[in-house]
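**Q** Take a look at the following structure, please.
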Amino acid sequence: MLKIKNDFNTVKWWQFPMLIVAGIVNATGVALFLLPSGVLDGGLSGTAILLSKITPLHVSLFLVILNVPFFLFAIFKQGPAIAACSLVAILSYSGMTWVFQTGLGLTAKMWELVGQDVFLCSIFGGIISGLGSGLTIRFGGAMDGVEVMAVLFAKKIGVTVGQFVMIYNIVIYTLACFLLGNFSVGLYSIVTYAIGLKAVDFVVDGFDKGKACIIITQKGDEMASVICREMGRGITLLDSKGFYSKETRTMMYCVVNRFEIGRLKKLVNQVDDTAFVTISEVSEVMGTGVHLRRRKRGEDTPSHMSDLAEAPPESETEETLNAAEETAS
């Protein structure tokens, strides 16, 4: 009981209204764009749409029947908090799908408004439903039980969770082609799913996606001064030595947003065109005062930021140095 209470202490009250909104957004994409065009969503939502087309039962009923058992099971795997958040989202999603399609009759009206354009519906259905799924993840839940299913069965069949979800969707889209007698449905569904994934990434990661930069140079102090002055970014300096040449060089580590990469490379090239640079994607950046918004030229860098960036793992450092030596030789 104490463990459950502690788990729920991590959930804020305002998450639940936002999860309801996320369900409404997801229902808008599915009920107003995907259902009238016959295009399937991904995961168990796509399965629910397919079953509603070959049976007399409503899609909202299948959404509950298929998803709720997996979310209840998620209580034991991921804790009651995420299960509760997911249930709120899926109940909002299924309920508003019924309201839009049956209660208000908006599904048929929207089909006429978009000129019965299947491709247009597949695009906007993917965007809007993806935004809804992304909001659900952002506020601590999950919109589709297929991820829980993947966690349960992926290792048993020797695949990753991502591969399981992809295989599941391929199977559903293939079945839809044969059961509905329309192969274009599967192709349009792939378009919807791909666009939906990008929409989810946009909501979860936003534009503030970071890039980690490792710079190995013989002009460390000059390079650090230029980057701090021109870009306002904190930098961590590390002493490094090449394994082959035994020469001591400065390794610099900093994190910038993706819009600043071009500017950073230009500055590095101006100071030391022989510098070795590696750039990798960062999924999340944490630390007091760290924010990946674009800084204006000459904007002061907080004094504590210069040492906030964690040094890269030792294995990555050695690989980078070896690569630098091979490049130099």
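The values are calculated or read from the model by the stated rules, or taken from the named source; none is laboratory data. Bear in mind that the values here come from a model prediction, so they are computed numbers and not experimental data. Quick reminder, even Gly has a Cβ in these numbers, built from the backbone with ideal geometry, and neighbours come from all protein chains shown.
**Q** Are any residues in the range 191-220 crowded, with 18+ Cβ neighbours inside 10 Å and within 15 Å of residue 130 (Cβ to Cβ), and if so, which ones?
**A** 192, 193, 195, 196, 199, 200, 203
**Q** If the Cβ limit is 6 Å and pairs must be 6+ apart or interchain, which residue in the range 260-276 that is under 12 Å from residue 223 (Cβ atoms) pairs with which residue that is among the hydroxyl-bearing types (Ser, Thr, Tyr) and not in a helix (DSSP H, G or I)?
**A** Filtered contacts from the range 260-276: 272/217; 275/217.
**Q** Still on this structure, I have one more. Tell me the residue from 141, 126 that is in a helix (DSSP H, G or I) and either in contact with a strand residue (DSSP E or B) (Cβ under 9 Å, 6 or more places away or on another chain) or in contact (Cβ under 8 Å) with a residue 40 or more places away in the chain (or both), please. Spell out how you get there, then give the answer.
**A** Details: 141 fails: in a helix (DSSP H, G or I).
Exactly one of 141, 126 is in a helix (DSSP H, G or I) and either in contact with a strand residue (DSSP E or B) (Cβ under 9 Å, 6 or more places away or on another chain) or in contact (Cβ under 8 Å) with a residue 40 or more places away in the chain (or both), namely 126.
**Q** Right, another one. Considering every residue within the range 235-247, establish whether at least one is buried (at least 21 other Cβ atoms within 10 Å of the Cβ) and not aliphatic (A, V, I, L, M).
**A** Kept after step one, since they are buried (at least 21 other Cβ atoms within 10 Å of the Cβ), are these residues of the range 235-247: 235.
Narrowing further to those that are not aliphatic (A, V, I, L, M): none.
Checking the range 235-247: not a single residue is buried (at least 21 other Cβ atoms within 10 Å of the Cβ) and not aliphatic (A, V, I, L, M).
**Q** Quick check on this structure: which one of 152, 131 is in contact with a helix residue (DSSP H, G or I) (Cβ under 7 Å, 6 or more places away or on another chain) and either closer than 28 Å to residue 81 by Cβ or not in a helix (DSSP H, G or I) (or both)? Quick ask: steps written out before the conclusion?
**A** Numbers: 152 fails: in contact with a helix residue (DSSP H, G or I) (Cβ under 7 Å, 6 or more places away or on another chain).
Result: 131 is the single residue among 152, 131 that is in contact with a helix residue (DSSP H, G or I) (Cβ under 7 Å, 6 or more places away or on another chain) and either closer than 28 Å to residue 81 by Cβ or not in a helix (DSSP H, G or I) (or both).
Here is a yes/no grid of residues against (1) in the same structural domain as residue 161 (by TED's automatic domain parsing); (2) within 21 Å of the chain's Cα centre (by Cα); (3) of a type in the set (Gly, Ala, Ser); (4) buried (at least 16 other Cβ atoms within 10 Å of the Cβ):
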site: 25; (1), (2), (3), (4): yes, yes, no, yes
site: 55; (1), (2), (3), (4): yes, no, no, no
site: 71; (1), (2), (3), (4): yes, yes, no, yes
site: 74; (1), (2), (3), (4): yes, yes, yes, yes
site: 95; (1), (2), (3), (4): yes, no, yes, yes
site: 98; (1), (2), (3), (4): yes, no, no, yes
site: 117; (1), (2), (3), (4): yes, no, no, no
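**Q** A further question on this structure: Scan the range 207-221 for residues that are free of Cβ contacts under 8 Å to residues at least 40 places away in the same chain, of a type outside the set (Gly, Ala, Ser) and closer than 18 Å to residue 278 by Cβ and report the count.
**A** Of the residues in that region, 0 qualify.
**Q** Considering (1) of a type in the set (A, V, I, L, M); (2) surrounded by fewer than 18 Cβ atoms within 10 Å (Cβ to Cβ); (3) touching a Phe, Trp or Tyr at 6+ places or on another chain (Cβ under 7 Å), say which one residue 179 fails and leave the rest.
**A** Failed condition: (3).
**Q** Condition test on residue 224, is it over 30 Å from residue 142 (Cα atoms), without any contact (Cβ under 8 Å) to a residue 40 or more places away in the chain and surrounded by 19 or more Cβ atoms within 10 Å (Cβ to Cβ)?
**A** Working: over 30 Å from residue 142 (Cα atoms): yes; without any contact (Cβ under 8 Å) to a residue 40 or more places away in the chain: yes; surrounded by 19 or more Cβ atoms within 10 Å (Cβ to Cβ): yes.
Answer is yes for this residue.
**Q** Additional query: With in a loop (DSSP other than H, G, I, E, B), touching a helix residue (DSSP H, G or I) at 6+ places or on another chain (Cβ under 6 Å) and either modelled with pLDDT under 95 or buried (at least 24 other Cβ atoms within 10 Å of the Cβ) (or both) as the only criterion, which of 11, 88 stands out?
**A** On the way: 88 fails: in a loop (DSSP other than H, G, I, E, B).
The match here is 11.
**Q** To continue, here is another question. Would you mind telling me which numbered condition in (1) modelled with pLDDT under 95; (2) more than 25 Å from residue 198 (Cα to Cα); (3) not β-branched (Val, Ile, Thr) residue 98 fails?
**A** Of the numbered conditions (1) modelled with pLDDT under 95; (2) more than 25 Å from residue 198 (Cα to Cα); (3) not β-branched (Val, Ile, Thr), the odd one out for residue 98 is (1).
Listed here are the residues, each with its yes/no results for (1) in contact with a helix residue (DSSP H, G or I) (Cβ under 6 Å, 6 or more places away or on another chain); (2) among the aromatic types (Phe, Trp, Tyr); (3) over 30 Å from residue 50 (Cα atoms).
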{"residue": "181", "(1), (2), (3)": "no, no, no"}
{"residue": "188", "(1), (2), (3)": "yes, yes, no"}
{"residue": "192", "(1), (2), (3)": "yes, no, no"}
{"residue": "220", "(1), (2), (3)": "no, no, yes"}
{"residue": "255", "(1), (2), (3)": "no, no, yes"}
{"residue": "258", "(1), (2), (3)": "no, no, yes"}
{"residue": "261", "(1), (2), (3)": "no, no, yes"}
{"residue": "268", "(1), (2), (3)": "no, no, yes"}
{"residue": "279", "(1), (2), (3)": "no, no, yes"}
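**Q** Select from the range 35-57 the residues that are in contact (Cβ under 8 Å) with a residue 40 or more places away in the chain, assigned to a helix (DSSP H, G or I) and of a type outside the set (Gly, Ala, Ser) and list them in ascending order. So that I can check it myself, show each step before the final result.
**A** Initial filter on the range 35-57 (in contact (Cβ under 8 Å) with a residue 40 or more places away in the chain): 35-47, 50, 53-54.
When the remaining residues are screened for being assigned to a helix (DSSP H, G or I), the result is 35-37, 43-47, 50, 53-54.
Selection gives 35, 36, 44, 47, 50, 53, 54.
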